[in-house]
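Q: My questions all concern the structure below.
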Amino acid sequence: MNRRILCLLLTCVVLFTAFIPFAKADEVTMYASDGRTISVKQSDISLWMDVGWFETAEDARIITMYALDGRTIEIPQYYREAYRKVGWYNTREEVTLMMYSTDGRTIEVYKDAAEAHHKVGWYYNLSDVTVPMYDKDGVEYSIFKDNVEKELANGLVLDKSDVMQLMFSADGRFIHVPFAKVTDFEKVGWYRAGGKIDPNRPMVAITFDDGPGKYTDAVLSILEKYNVRATFFVQGKNVAGYKTVMQRAVALGNEIGNHTWSHVNLARSSVPTISSQINSTNAAVYNATGVYPKLYRPPYGAYNGTVLNCIGMPAVMWSVDTLDWKTRNPAKTLESVKKNTVDGSIILMHDIHQPTYEAVERVVKHLLMNNFQLVTVSELIQTRQGSAVNGRVYTSVKP
């Protein structure tokens, strides 16, 4: 090969290599949020980040963040966590909530504005603006509160007990049954629990003395389970310590009676003492529940003409004394009820004793399975005789 050709080849190689870009080993690509890229020295990365460049395209991607007061901000993805730490959120759903009105309207509001909306009639939960209503077959509907009167006119009812009977089986199952099917269920071993009073069926009143105490709430749970009611003759000195229990008792439809402030023998007391014992207890019950007692039971069953005239309320005694306070035996308490209860009986028990609490469910089930309705003393009197009479003593209320 002659020298001229060799020189030509070397010249071509030099010219070709001069136009080949070589990436330098110490450079990296950085990204801007507007899509630009740039190669920079690794040692200069922090300098470029200070002026808005990022090491990855994902870090540079623009995202929207949200504040509780409705503001939004667009930032590179890289700064997400820093903004979260100072009160910004990733999604609109995190800063808003749905609110409801009683006429069925809904509105989405920012959380910082929620309380202001609540003050002018918007609510946080759908359950706050609706009530359950029932048709004649017991089917439940959620009705907005503003529409309740309209639906009452259309035949729906607010109380499930108006259209259905709670029933239970001996093995502990419960079911609500339309009234028309109650007889069919009774034929296959189901029993009626509590509900609306049927004046043509037998009824009794269970009463508890000396509470409220540490077992009273548990007794209420049993009564609620079977949808039945009882009357609690309470000592005034105990009421303040069990305020929420007393409120629950009233809310479940039970009756609170007066059993004096400190269980004194009224027949041996002066008129001022009698008045003080009764009035202070009435006040304690009212302060706890918003309801005054309508009835009283004299401790020890001790009363005389002075007591009856001084108190001026119906006095309630009993026809079935279970002696639960004495025997402290659930089986004996149940046996007493089985042996002595008839239509119109008033049953005496004490909710301050654990063995009595242990007997309550057995007693309730026995009475219900023998077709007794369990009602308050006032309901028993009202159903059988009309309004209770002040100064009269009620031992039982038979048909």
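The values are calculated or read from the model by the stated rules, or taken from the named source; none is laboratory data. This structure is a prediction, so every number in the text was calculated from the model and none was measured. Cβ: placed from backbone, ideal geometry, glycine included. Neighbour counts: every protein chain shown.
Q: Any idea which residue in the range 210-266 is nearest to the chain's Cα centre (by Cα), counting only those that are aliphatic (A, V, I, L, M) and outside any helix (DSSP H, G or I)?
A: The qualifying residue nearest to the chain's Cα centre (by Cα) is LEU252.
Q: Look at the range 140-153 and say how many of its residues are without any contact (Cβ under 8 Å) to a residue 24 or more places away in the chain and either acidic (Asp, Glu) or closer than 26 Å to TYR191 by Cα (or both).
A: Total satisfying the criteria: 3.
Q: Which residue, of ALA284, ALA230, ALA288, is farther than 16 Å from ILE311 by Cα and in contact with a Leu (Cβ under 9 Å, 6 or more places away or on another chain)?
A: Answer to the check: ALA230.
Q: If we keep just the residues of the range 117-142 that are part of a loop (DSSP other than H, G, I, E, B) and over 29 Å from ARG71 (Cα atoms), which is modelled with the highest pLDDT?
A: Per the stated criteria, the residue is VAL129.
Q: Could I ask something else about it? Any idea which of LEU156, LEU166 is surrounded by 14 or more Cβ atoms within 10 Å (Cβ to Cβ) and touching a residue at least 60 places away in the same chain (Cβ under 8 Å)?
A: LEU166
Q: Let me ask another. If a residue counts only when it is closer than 30 Å to ASN147 by Cβ and of a type in the set (A, V, I, L, M), which strands (runs of 3 or more DSSP E) contained entirely in the range 57-116 have at least 1 such residues?
A: Of the strands (runs of 3 or more DSSP E) lying wholly inside the range 57-116, those with at least 1 residues that are closer than 30 Å to ASN147 by Cβ and of a type in the set (A, V, I, L, M) span 96-100, 106-110.
Q: Would you check if TYR292 is assigned by TED's automatic domain parsing to the domain that holds ARG268, out of contact with any Ser or Thr (no Cβ under 6 Å at 6 or more places or on another chain), farther than 21 Å from GLU379 by Cβ and not in a helix (DSSP H, G or I)?
A: Spelling it out, it is not the case that TYR292 is assigned by TED's automatic domain parsing to the domain that holds ARG268, out of contact with any Ser or Thr (no Cβ under 6 Å at 6 or more places or on another chain), farther than 21 Å from GLU379 by Cβ and not in a helix (DSSP H, G or I).
Q: Looking only at the range 43-68, which residues are surrounded by fewer than 12 Cβ atoms within 10 Å (Cβ to Cβ), free of Cβ contacts under 8 Å to residues at least 24 places away in the same chain and among the hydrophobic types (A, V, I, L, M, F, W, C)?
A: LEU47, VAL51
Q: Would you please name the residue that is nearest to ASN238 (Cα to Cα), looking only at residues in the range 186-210 that are buried (at least 19 other Cβ atoms within 10 Å of the Cβ) and small (Gly, Ala, Ser)?
A: Looking at residues that are buried (at least 19 other Cβ atoms within 10 Å of the Cβ) and small (Gly, Ala, Ser), I get ALA205.
Q: Sort through THR281, THR183 and tell me the only one that's in a helix (DSSP H, G or I), among the β-branched types (Val, Ile, Thr) and surrounded by 15 or more Cβ atoms within 10 Å (Cβ to Cβ).
A: None of the others qualify; the one that does is THR281.
Q: Can you name the number of the only condition in (1) modelled with pLDDT of 95 or more; (2) within 47 Å of the chain's Cα centre (by Cα) that TYR31 fails?
A: (2)
Q: Next up: When the residues of the range 211-248 are filtered to those that are among the β-branched types (Val, Ile, Thr) and within 20 Å of MET349 (Cα to Cα), which remaining residue is surrounded by the most Cβ atoms within 10 Å (Cβ to Cβ)?
A: Across the range 211-248, the extreme among qualifying residues is VAL234.
Q: Which condition number does ILE45 fail, the rest of (1) within 30 Å of TYR124 (Cβ to Cβ); (2) in a helix (DSSP H, G or I) being met?
A: Every condition holds for ILE45 apart from (1).
Q: Out of curiosity, is ILE107 more than 30 Å from VAL157 (Cα to Cα) and without any contact (Cβ under 8 Å) to a residue 40 or more places away in the chain?
A: Criteria not met by ILE107.
Q: Between ALA302, ALA284, which is within 34 Å of the chain's Cα centre (by Cα) and either in contact (Cβ under 8 Å) with a residue 12 or more places away in the chain or more than 17 Å from GLU379 (Cβ to Cβ) (or both)?
A: Answer to the check: ALA284.
Q: Which one is nearest to THR96 (Cα to Cα) among residues in the range 143-162 that are in contact with a strand residue (DSSP E or B) (Cβ under 7 Å, 6 or more places away or on another chain) and part of a loop (DSSP other than H, G, I, E, B)?
A: Per the criteria, the residue is LEU158.
Q: Outside the structural domain of SER142 (by TED's automatic domain parsing), loosely packed, with under 15 Cβ neighbours inside 10 Å and not hydroxyl-bearing (Ser, Thr, Tyr): does that describe LYS85?
A: Taking the combined requirement at face value, the residue satisfies it.
Q: If ASP137 satisfies all but one of (1) surrounded by fewer than 13 Cβ atoms within 10 Å (Cβ to Cβ); (2) without any contact (Cβ under 8 Å) to a residue 40 or more places away in the chain; (3) more than 25 Å from the chain's Cα centre (by Cα), what's the number of the condition it fails?
A: (2)
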